[in-house]
Structure formats: structure tokens, C-alpha cells
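Worksheet: the structure to be examined is printed underneath.
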Amino acid sequence: MEEEIESRRRVKECPECKSTNVIRDYEWAEVVCRDCGFVIADRLTDSGPEWRAFDDAQKARRARVGAPMTFSIHDKGLSTMIDMQDKDTFGKNLTPGQRAQVYRLRKWQRRVRVSDATERNLAFALSELSKMASAINLPKNILETASVIYRRAVKRHLIRGRSIQGVTAAALYMACRQCGVARTLDEISTISHINKKEIGRSYRFIVKELECFIPPLTPNYYVSRFANQLGLAGKVENVALRILQTASSIRLTSGRGPTGIAAAATYIASVLASEHRTQREIAEIANVTEVTIRNRYKELISRLMIHVYL
């Protein structure tokens with residue numbers, strides 16, 4: 001009987017009118033033809049959870065499964081851990097002998113998780129990546145992308161002769177570039193405490209050896225970030241993007257640093273939208289000098305014929 005129901009449930013067309021306009025009515029647990037109304041199958045089994053969730057946080061809290069696989073942990077999060085609570089399943093404290101036994105199990109569990117030199121390398125490097133990504137508030141997908149890049153570099157033996165911190169910083173910068181997140185080498189250098197030249201050297205080497213395509217940086221990536229950090233309204237960001245679009249159409253952005261010209265466009269937009277910010281405020285956010293903003297500002301207003309009244 002169950003096999004018959006299952007075979008009828010897999011039918012994609014109506015046996016009466018041969019129509020493929022078939023729907024599944026989960027409220028009545030039936031498969032119904034929308035053309036003739038014939039009930040193809042009934043007593044459907046709902047394989048989903050018995051609870052409901054209205055957002056991602058509620059879904060994660062109510063799910064009764066383990067954490068998903070992640071590349072940001074050296075064993076991809078598939079191993080188990082023995083917690084530090086010396087209690088049994090009933091919540092009672094363990095005896096001294098049991099505590100000593102659990103301590104030994106916990107110690108050997110940690111040793112088994114990191115079995116060889118490659119695992120130790122990954123464990124240290126991926127923990128450094130997590131710290132750096134957390135320090136500059138990077139989303140989870142950036143961390144996962146950087147972890148995959150570092151794993152590929154380890155697999156191709158590109159780490160030999162280079163510092164782990166330098167390669168991890170380069171992988172993080174490369175992930176930001178690939179995912180279109182505006183982060184500069186100066187920021188990566190600050191949080192990793194590695195010289196910017198060393199990060200750039202490792203970055204260029206990894207890009208060459210892994211044959212990855214890295215999209216060029218454009219000033220548009222930085223406008224939203226600058227506007228958010230300065231607390232500017234959305235109309236200021238829109239005006240700045242229009243200025244950059246016009247400047248790009250006449251090749252005014254070619255050969256110029258994206259952060260400097262994005263900062264100048266943000267400054268002009270803030271003045272035009274009556275939400276004035278000083279050049280010093282924008283320079284501190286963009287990590288450029290006031291002279292750079294002033295030079296790019298003069299180029300933009302002269303070439304685009306923008307009238308700014310300060």
C-alpha cells in the first residue's frame with residue numbers, strides 16, 4: 001500500500017486528463033490536478049520540521065542539527081568537542097576519578113583533531129583569518145572565501161618560504177577584492193601588523209600562481225562605506241555615485257586612486273545636498289590626505305562644471 005502511494009505521489013501528470021498542471025496541497029495533504037480536479041494522491045507526509053521560523057536567527061535557534069560545514073575551521077567543523085563542564089547527562093558533578101578520565105579524553109581529543117604539520121598550519125592560519133575578519137567586521141562569506149584561497153595555496157605548496165601571517169593577510173585582501181568589499185591594503189596591514197609591501201608581494205604571488213581573476217577596484221565600492229561612516233543620507237550617496245559615473249564616462253578616474261576620487265565625490269555630494277562635511281573628516285575616514293581630496297575636488301568641479309557654494 002505504501003509503495004502504491006509513493007508511486008502515485010511521484011506522478012507528474014494527471015491519469016484522467018493527462019494534464020501536467022498538478023499542484024501539491026499541503027493543507028489537505030493531497031496532489032490535485034488543477035484542470036479536472038482529480039485527486040492523484042493523498043495522505044502526503046510532510047518531511048519538514050514541525051516548528052516555524054520567521055527569520056534567520058529564529059531558524060538557527062530552533063534547529064536541532066549541528067553546525068554547517070565551514071572552511072574557516074581546519075577540520076571543516078566536522079569533528080566533535082568535549083566540553084569543559086565536568087557534569088554528567090543529569091547535570092550532576094563528576095567524581096574526582098571521572099574528572100581525571102574526562103580530562104585525559106579531552107586532551108587526546110585536542111591532539112587527534114590536529115594530526116600533522118598541515119593541520120597545524122591550517123589551524124593557526126584560519127584562526128588568524130577569523131581574528132582579522134572580525135577586527136574589521138567582514139561578513140561570513142568573505143571569511144569563507146579567504147579560507148578557500150588559503151587552502152588552495154597550501155595545497156599548491158605556495159606557503160613555503162613565506163610567513164603564515166603575510167599569506168593569510170593577502171588571502172583576506174584577495175577575498176575582499178573578489179567579493180567587491182572595499183578594504184584597502186593599509187587596513188589589512190593595520191589589523192594584521194604586517195608590512196604593506198609584504199602583503200602586496202604575497203598577494204601578487206598568489207594571484208599569479210592560482211590564476212585567479214581579480215576585478216579592478218572602482219571608486220563606487222568606497223562611496224557607500226564613506227557615506228555610512230559619516231552618517232550621510234542616502235541622497236548624498238546617490239549624488240556621489242552620479243558624479244563618479246559622469247567622471248568615469250570622460251575617463252577622469254583613470255590613473256587615480258579610487259579612495260581619493262571617491263572621497264572627493266563624497267565631499268562634493270555632501271556640500272550639494274546641504275549635509276556639509278569637512279575635508280579633514282572625510283580624509284580620516286578614507287585614510288587619505290586632505291591634499292589628495294583637494295586636488296581631486298578641483299579636477300572634478302572644473303571638468304564636470306559643477307558649481308559648489310561653500
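Rule-based calculations on the coordinates, nothing more; no lab input. If you're wondering where the values come from, they're calculated on a predicted model, not measured in any experiment. A quick note on method: Cβ atoms are made from the backbone with ideal geometry, for glycine too, and the neighbour counts reach across all protein chains shown.
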What share of all Cα pairs of region 14-125, in percent, falls into each consecutive 5 Å distance bin? 2, 9, 11, 9, 9, 10, 10, 9, 7, 5, 7, 6, 4, 2, 0
Could you pull out the pairs from LYS107/LYS131; LYS107/LYS155; LYS140/LYS197; LYS59/LYS208; LYS131/LYS235; LYS107/LYS208 whose alpha carbons sit more than 30 Å apart here? LYS59/LYS208; LYS131/LYS235; LYS107/LYS208
Using alpha-carbon positions, the gyration tensor of region 117-210 gives root eigenvalues a ≥ b ≥ c; with a/c under 1.5 called rounded, otherwise prolate if a/b exceeds b/c, else oblate, the class is rounded
Sorting SER192, SER127, LEU272 by the position of each Cα along the dipole of the chain (Lys, Arg +1; Asp, Glu -1; all at Cβ), the one nearest the positive end of that ordering is SER192
Average silhouette area of the chain, convex hull of alpha-carbon atoms, in square nanometres: 28.4
Grab the eigenvalues of the alpha-carbon gyration tensor for region 220-265, scale each by 5, take roots, and send me the semi-axes largest first in whole angstrom. 19, 12, 6
Residue-normalised 222 nm signal for the chain, counting each DSSP H run of n ≥ 4 as -39,500 (n - 2.57), nearest 500 deg cm²/dmol, is -17500 deg cm²/dmol
Among LEU94, LEU138, LEU158, what is the fewest-to-most ranking by other Cβ atoms within 10 Å? LEU94, LEU158, LEU138
Dipole moment magnitude, nearest 20 debye, the chain about Cα centre, only Lys, Arg, Asp, Glu C-beta charged: 1640
Listed with the fewest Cβ neighbours within 10 Å leading, LEU210, LEU300 appear as LEU210, LEU300
Calculate the dipole size of region 117-210 relative to its Cα centre from +1 charges on Lys and Arg beta carbons and -1 charges on Asp and Glu beta carbons; express the result in debye to the nearest 20. 340
Would you list ASP25, ASP56 from fewest to most Cβ contacts within 10 Å? ASP56, ASP25
Alpha carbon centroid spacing (whole Å) that separates region 249-310 from region 124-169: 34
Give the span of region 220-303's Cα atoms along each principal axis, as three whole-Å numbers ordered largest to smallest. 29, 24, 22
Which cross-chain or sequence-distant (5 or more) residues have an amide H under 5 Å from the amide H of ILE40, H modelled 1.01 Å from N in plane? VAL31, VAL32, CYS33
Where nothing but the Cβ of Lys and Arg (+1) and of Asp and Glu (-1) is charged, how large is the charge dipole of region 68-113 around its Cα centre, in debye to the nearest 20? 200
GNM result for the chain, Cα springs below 10 Å: residue of TYR103, TYR222, TYR297 fluctuating most strongly: TYR103
For the chain, whose charge dipole is built from +1 on Lys and Arg Cβ atoms and -1 on Asp and Glu Cβ atoms, the candidate among THR246, SER115, GLN58 with its Cα farthest towards the positive end is SER115
Kirkwood Rh and Cα-based Rg: tell me the resulting Rg over Rh for region 68-113, rounded to two decimals. 1.09
What the 5 Å binned alpha carbon P(r) of region 128-181 shows, as percent of pairs per bin from 0, is 4, 22, 35, 23, 11, 5, 0
